[in-house]
Structure formats: structure tokens, C-alpha cells
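Worksheet: the structure to be examined is printed underneath.
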Amino acid sequence: MRTRDSANSPTSWDFTYVAKWVRLWGKKRGDRMSGWWVVGSVGEAAFFGILFLLGIVSLTIVVSWQVFWPESNIIRPGSGFWLTFTASLAFAVIGLTAFILQVSQTLASPERRSAIATKVKSEHQRRSDSEPAHVNLPNLDEMRESPGIKLAYRLPGQRGENSQLILSALFATAWNSIVAVMLVVVIFQSTSPAGPNYFLIFLLLPFLLVSVVATRWFFKLFRIRTGIGPTAVEINALPMLPGYEYQLYICQYGRVEFSKLSVALVAFEETTFQQGTDVRTEVVEVSRIEANLPASVQSDGEKQGLQESSDSKALPTESPENVSDMPIMPSEVAEAGLGQMGSEQLGQSNQAGREGEQTWAETEVSNSSSEPDSGAGTEVESKDIGSERRKRKDRSGKSAGLRAEPEKPLELDCTLLLPADMMHSFHSEHSALVWRIVIQGESVKWPAFYRSFPVAVYPRSAV
Amino acid sequence: MLEFEFRVQRVARDEVDRLEISVVWYTEGKGTEDLGVHLFQALSAEELSSVLDGKPHPIVSTLPSCPLSYEGRLLNIRWCVRLRLYLNDGREFSSEKPFYLGHLTREV
């Protein structure tokens, strides 16, 4: 406590030592506690010490009673002996362990405790394995255990991808079983002399509704899982090091056609913290390095995107006066009033006859100098006018570069150049920086596609 | 390689119980703090006499290759040299000096 000594100087203070009021309990204020931490530590140690003594005393009583007075009917096997024995043993173990931990936390600084733990771990590691372990870097054993077909290593996929399908299967099976039992009961009661149980029939209706929804949900997930088959990613070297270039090989199975596909090396920060009494984990994407995909994939993806953007707007050539049964040649399109566009380049074309097959010509426009309502600022189509269904069919045929078939999976070779100043992978007890190869795609027929494969990025000096 | 020096001043020898010097990294941010110790020295009573003379005492340590310093969104990794002085009356004084390990000092 300080008081101002006005007699000597208005700015000088005298200090008087006053005993601090000792609270028996504390109050949490943000991330700190009021009161003395010493009182809390001593109190906690005392509590666990008493718990330990209680466990030892009760354990001694229970065991000695059985040893010295076996004829007694009090706490004998079959009438609570083992339950009392287990509870007493648990009290003793918990009390002793927590007491020792509390005392060590009070006596030793955090650095000393951490140094002791690190020393024990490194000693254990030294005895079990000759290779020096980087305790804060991800373990490479799991990533390297599967050799690749084309490149050195096949990366393990993300865990938990099938959990939704399995959960839906279990739920649908369990729920349908309950509904089946209820249905049988309702049918039997209906045929009985007492007559049908209308309450049960009324109760069965919402159960049937949930059963239908659950079954549809399961089959929808199953169809997606089998339609978009598994994805295999291979890499030529592990661990990855900053400043180096790596090759990737991606193989997509199933029956799927992608309108857009991207491959990137993405960093996620993961932290675990306590919020009140809950333990929460937060994950945030912090960095993304795009892979260099093959040119054919890029051009197809861009063209497909261009086709979709132009599809929503009517082209001048689609006006009634321009409709013709004859296939329109790309040069005719250029002459048909689309000269306001910038320079055009003809890409691949697929001419078709009068039987209804579409004729497509893809062009790549250098800049959008056309009028907005023309819809042709990005692409020109030359086509034999037909139905929307045939248009979509040909569109799918045009993007053959991003198509996976059961007999012919989609294979991509790409490269990944890592910057020299990127952060390496890191993990500790409550935090982690994880690098993953993420493959994202958009499909015409299926929901958005996202798969990730963890990799290890080491600092250069660690290897 | 890390070279630093420390000195303890204005404290009598009979007031000091022990002195701990450590080179540590710790995580900071939204998650619970983690601590990793690279170098730890606890000076015994005999060694304290030579240290509490007010003169600088150098320490040299080869730093590990990881973890590098990092400044992220949820997670920061910081390195520092930490000194803890324990007195006989139960009081504890600590002082730390942060430093960067590696070239990375900003968010990726």
C-alpha cells in the first residue's frame, strides 16, 4: 500500500506493507485468476493428497477384511467387493498422480519441466531408432510407406472421407429396422380382434418419413462415392524442400467429367484452445501455391468456362433470321456481324451433318471488345441449331481432356515449384502448420469435388 | 549459432537460490501456448558465485534447424533467451530477449 507523503514532497510516496486478504476461492478474469496462485496450488495438492490417503485407507480396509475375516458377510466377493476395491484403487492412483504433478509444477519452472520431458523423449528415441527424429516435423514413415506406380511415393489420402457414407449407412439401417418392426406390429394388430392401433399408425408416419429421407441420403452419398471414384496422387520426392520443384502425378478414377480442376499446395494453420469449458480446434487456410497443370488441361478448362459464360447470353447468330439447317462454318460466323470482336483464333472444331449432330467451333478471343449484349465477347460458337440435350452432349465430348472413365482414368502430370522463403510443416501439442496437396474440381454432374493429401515440407537445413 | 551474454546485478549472493538460463521457442496466438526448450542450464550454488559478480557471461549454442520463427494468423512461433532468478524468499524474476530464427519474419 502506498501513501503520499505531502510533508516532504507532493510527488513522493511511502510504501507500507499490508497483509493481502486471502481468498479461499478465485474468480476467472479473462485469462487470469484472482487470488494467490500459491493458495490455489497448495489447496489443489492438499485435495489430491487427501484423495490418495482416502483411497489407501479404504483399499486397506477392504483387502484386510477379506484376508483376516473371510467368513464375514460385509463386502465379500459377489456383494460389492470388487466394486469397492476398484474405486479405492482409482482414488489412490488418481490422488497420487495428481499430487506429484501439482508438486512438480510448483517446484519446477516450465522450462525445466519441458527440458526434462524433451530429454526423456530424445533418450527414448535414441534407444528405439538410430535416425534422429525431428519432433516438431511430421513423420515421413506413413507418407513414404506406399510406393507409386509412376513416381516415387503415393500419398495417403485424407482420413474420414468415408465416414459420412458409413454413418449414413448405419443410421439408415438402424432406422429402417425400427420402422420394419413397427410396421410388423401395426399389421399384426390390424388383423387382431382388438382392431388396429391408430395411435401406433399415427406415430409410424413420421418414422416412415425419416426412413425415406435417410435412405435417399445414403444412396445419394453412395452414388457420389462410386461416381467420383478414388483419387491417387504421386510425388517424386519426400520431404519437400523450399526452393525446389517437384513432379506430381494425379490419377482420377470413376466416371466423372470436370468442368474445372485445380491442383495446389495449401497451408493450413490448426490450433486447439479452451473456450470456457469447451476445447475447440480452429483451422484456417493461410497460403496456396498453384501447381503448373498441363497446357491441354488449362485450355480446356478455360474454354469450358468461356462456353458456360457465353451460354447464358444469346448470340446474334441465334436470331431467327440466322437459323439455318445448314451447318455454319466458322468463317461464316466471323462474317455474320461478329466483326466487332477482337482478333479471333479458331481452335478445334467438330463438323457434323444434317442428322442433328452439333457442329462446334471454339474460338479464343483475345480481348472483350464486343458489346455486352452480344454475349460473344468471350467466345464464338458455330453450330447446327438443335436441342439443348444435344448441345450438352457435344459439350461433354468437347471437354475430353478432363474426363475420367472406368476403363480410362484421368491422368495428369504437373509440377510444383516451392518458393525459397516458405514456412515448413510444424506441429506441437496444441498447434500445427500443415501442408496438403489439394485437388478441387467442379463437375457437370456431381457436387463440388475436394480432396486433400498431406505432405511434409522440411526446412532445407533439416535434411 | 547463437552467441549471447548475460549478467546479474544488484543482488547479493546470499539472497539467490538458483539461476536458470534457457533458449526456448514457444507458440503464441489463439491456441494454447506450447513450449520447446533447446538449451537449459541451471546453475548450482557453487556456480552462482562466479555469475553474480555483475560481469557479462557469454553462452554459445548451436541452434536447431527447426522450428523457424513464424508469424501467422492463428499461430506465431517465437524464439527467445530466458533467464529466471529464484530468490531465497520465494520471489522469482525473469527476463527474456526474443530473436528470429531463419529468414522468415512475416506471414507467408
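Each reported figure results from applying straightforward, stated rules to the coordinates on display, with no laboratory input. Everything numeric in this text was worked out from a predicted model, so none of it was measured. Cβ placement follows ideal geometry from the backbone for every residue including glycine, while neighbour counts extend to all protein chains displayed.
Shape of chain B from its Cα gyration tensor (a ≥ b ≥ c, root eigenvalues): rounded if a/c is under 1.5, otherwise prolate when a/b > b/c, or oblate?
Since a/c reaches 1.5 and a/b is larger than b/c, the shape of chain B is classed as prolate.
What FRET efficiency comes out for A:I178 versus A:Q158 if R0 is 35 angstrom and r is the Cβ-Cβ distance? Round to the nearest 0.05.
0.60
For A:R113 and A:S262, calculate 0.36 nm times their separation in residues minus their Cα-Cα distance, and state this gained length in nm to one decimal.
So the extension gain works out to 49.0 nm.
For segment B:3-102, run through the GluC sites (Glu not before Pro) and keep only the ones in DSSP coil with at most 16 other Cβ atoms within 10 Å of their Cβ.
B:E33
Given B:K55/B:K97; A:K150/A:K220; A:K220/A:K445; A:K408/A:K445; A:K119/B:K30; A:K121/B:K30, which pairs have Cα atoms separated by over 23 Å?
Distance filter (> 23 Å) returns A:K150/A:K220; A:K119/B:K30; A:K121/B:K30.
What is the average number of partner chain Cβ atoms found within 10 Å of a Cβ in B:33-41?
Mean shielding count: 6.
For segment A:134-239, state which trypsin sites (Lys or Arg not before Pro) are in a DSSP loop and have at most 16 other beta carbons lying within 10 Å of their beta carbon.
Loop-located and lightly packed - A:K150, A:R159.
Quick check: residue separation of A:T277 and A:F171 times 0.36 nm, minus the Cα distance between them. What number comes out in nm?
35.2 nm
³J(HN,Hα) across segment A:446-463 via Karplus (A = 6.51, B = -1.76, C = 1.60, θ = phi - 60°), whole Hz, x for Gly/Pro?
10, x, 4, 10, 8, 9, 10, 9, x, 10, 10, 10, 9, x, 4, 6, 7, 10
Considering only B:V23, B:V11, B:V51, give the residue with the highest GNM mean-square fluctuation for chain B, with springs between Cα atoms whenever their separation is below 10 Å.
B:V11
With θ set to phi - 60°, apply the Karplus curve 6.51 cos²θ - 1.76 cosθ + 1.60 along segment A:259-267 and write out the HN-Hα couplings as whole Hz, x wherever there is a Gly or Pro.
8, 7, 9, 9, 10, 8, 9, 10, 9
What's the ranking of B:75-88, B:52-65 by average number of surrounding C-beta atoms within 10 Å, highest first?
B:75-88, B:52-65
Shielding by partners for A:278-289, please: the mean number of other protein chain Cβ atoms within 10 Å of each residue's Cβ.
The per-residue average across the peptide is 2.
To the nearest 20 debye, what is the magnitude of the charge dipole of segment B:51-92 about its Cα centre, counting +1 on the Cβ of each Lys and Arg and -1 on the Cβ of each Asp and Glu?
I would put it at about 120 debye.
Show me the ranking of peptides A:254-264, A:414-424 by mean Cβ neighbours inside 10 Å, starting with the highest.
A:254-264, A:414-424
Segment A:188-231: which chymotrypsin sites (Phe, Trp or Tyr not before Pro) are DSSP loop and have at most 10 other beta-carbon atoms within 10 angstrom?
Sparse-neighbourhood loop chymotrypsin sites (Phe, Trp or Tyr not before Pro): none present.
For peptide A:268-275, compute the average count of partner chain beta-carbon atoms within 10 Å of each residue's beta-carbon.
Shielding by partners across A:268-275 averages 5.
Just how large is the dipole of chain B about the Cα centre, in debye to the nearest 20, putting +1 at every Lys and Arg Cβ and -1 at every Asp and Glu Cβ?
340 debye
Stretch A:L209-A:R225 to full length: gain in nm at 0.36 nm per residue minus the Cα-Cα span?
Length difference between fully extended and current span is 3.3 nm.
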